[in-house]
Every structure is written in C-alpha cells, then in structure tokens.
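Some notes on the structure that comes next.
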Amino acid sequence: MVLNLSNRLFCVNLHDYRVSMKFRVLITLVVAVAMTALVGCNDDQTKVEQQRTSIERYLTSSHSPRLIPKEEVANSIEYNPPFYERLAPDVYRYIATYYAADRDLQAEVEMGDVVELKFTAYEFSGSRPSDSNIYYTNDAEVLAEMEAEGLDTKFWSAEPLVVKLGETNIIKGVEQSLLGCREADQVEVYMTYEAAYDKQAVGLVVKGTAVAWYYTISKVTKH
C-alpha cells in the first residue's frame, strides 16, 4: 500500500503491521496472565503465613497447657516443660503423653509400620477447637456428644483408622506427625491447609483454612 502525505510517499507493509500488532497483543496477554498468577501466589503465601502465625500464637498463649518450642526446653526452669515441635514449616506437633512413665517401652512409629488411630479432625481458627469445628471423627465419645447435641452422625464410623505409613493415602501432615510417636501417645497436630491438602479442594473443609487433628495411637504393628 502507498500513501501520499504532504507530497511524500510512504510505503506501508500491511502484513508486517498486522503481525506486529498481533505480537504486541500476545505479549500484553502473557504479561497480564503472569501478573495475575503472581498476585495469586502472593495471596496464597500471605494466607499460609497468617495460618502459621495463628497456630504458633495459640500454642504459646491460649493453649492449655501453654507450650514452648522444643528448642527452648533445655533452657526452661520448669520441670518437664510441655512443648511443641515444628516438624516442617507448616506442621506443628504436641505429644501430651511425652513425659508419661514407661513411654519409652512402647513401640515407636516408623515408616512402614501399621498404626490404628482414634482421632477427631477440626477446622482450626486460632482458638481451642470445639465440636462446632469438627469435620470428621471416629471417636465414639465425641460422636455420642455430637448426637446428644442433635447432629446427624449416621454416616460416620467409630472404627479405628488403620494407616500403613508410606502406603495409606492420608494427609501428609498427619503422616509426618506420626513418625517418632509411640503406641498409646495422645497427639495434637496443627497444619496449614496446604500442609494437609496441598491446593486441592476438600468438601468438608473450607479451602485455605488451617486444620488440627487430635488423635490417640491405639496400636502399632511393626513392619
């Protein structure tokens, strides 16, 4: 195409112009998608950090008993101070029976072992979990309490949860928390949503909500 402007000739290659515009539009779309993904990642990271802060604040302030990090046990003036362990960036464990007599004589949980658990799983909002926060349990006493409150639990079972570590499909934070525990231990494990379920949506839990599992190890069968 030839244009005559102010007595000057300008040659315009329409094909090259169209290709250039398409390229610019494509680059703009790619940048927009990348920025949206970056904002989403930042939002997710912020939520995870908020959940960590909420868990740590609860364990060290309003939890009963009040806990200290395991790293501070050696410097504590308290005899047998209750403590929590941070097993991974987003998994926190408290073993209520850690100082129990003869605990060291009980079978220790290792990868490949089969364990039986009585547990209650909660959505965790930063304060002590209550029955209203339960999203599943196989604890007969808890089920009886829920039924007394008029809640329908007919689809829930009081059968123990049987887990073979390394094979059974169980949320990863719980599996991590089992390692090193012993038979008869009473354990509380607190996890960010991603430590429990990655980024998957779980119908029973509001996505992005931290969770807590309270469990008792009823039996350990060594591999």
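The values are calculated or read from the model by the stated rules, or taken from the named source; none is laboratory data. Computed from a prediction, not measured in an experiment: that's the story for all the values here. No Cβ is skipped: glycine too gets one built from the backbone with ideal geometry, and neighbour counts run over all protein chains shown.
Before moving on, here are some points about what is shown:
- So residue 46, is it surrounded by fewer than 16 Cβ atoms within 10 Å (Cβ to Cβ), at pLDDT 95 or above and under 18 Å from residue 210 (Cβ atoms): no
- When 141, 72, 56, 145 are checked against the criterion of being within 21 Å of residue 171 (Cβ to Cβ) and out of contact with any Ser or Thr (no Cβ under 9 Å at 6 or more places or on another chain), a single residue qualifies: 56.
- Of all the listed residues (152, 139, 198, 185), the sole one being touching a Lys or Arg at 6+ places or on another chain (Cβ under 6 Å) and either under 21 Å from residue 92 (Cα atoms) or not hydroxyl-bearing (Ser, Thr, Tyr) (or both) is 139.
- Region 120-155 - residue that is part of a helix (DSSP H, G or I) and out of contact with any helix residue (DSSP H, G or I) (no Cβ under 9 Å at 6 or more places or on another chain) and, of those, farthest from residue 194 (Cα to Cα): 148
- Identity of the residue in region 107-160, hydrophobic (A, V, I, L, M, F, W, C), more than 21 Å from residue 217 (Cα to Cα) and buried (at least 16 other Cβ atoms within 10 Å of the Cβ), that ends up modelled with the lowest pLDDT: 146
- Counted residues, region 168-197 - those being free of Cβ contacts under 8 Å to residues at least 24 places away in the same chain and among the acidic types (Asp, Glu): 1
- Per the listing 88, 96, the residue uniquely modelled with pLDDT under 95 and closer than 27 Å to residue 186 by Cα is 88.
- Within region 172-196, if we keep just the residues that are part of a helix (DSSP H, G or I) and within 22 Å of residue 139 (Cα to Cα), the residue that is farthest from the chain's Cα centre (by Cα) turns out to be 178.
- Count of region 105-126 residues, restricted to those that are under 18 Å from residue 178 (Cβ atoms) and either without any contact (Cβ under 8 Å) to a residue 24 or more places away in the chain or among the basic types (Lys, Arg) (or both), is 1.
- Within region 199-223, residues that are within 12 Å of residue 136 (Cα to Cα) reach partners that are part of a strand (DSSP E or B) and among the polar types (S, T, N, Q) with beta carbons closer than 7 Å, at six or more positions or on different chains, in the pairs 214/120.
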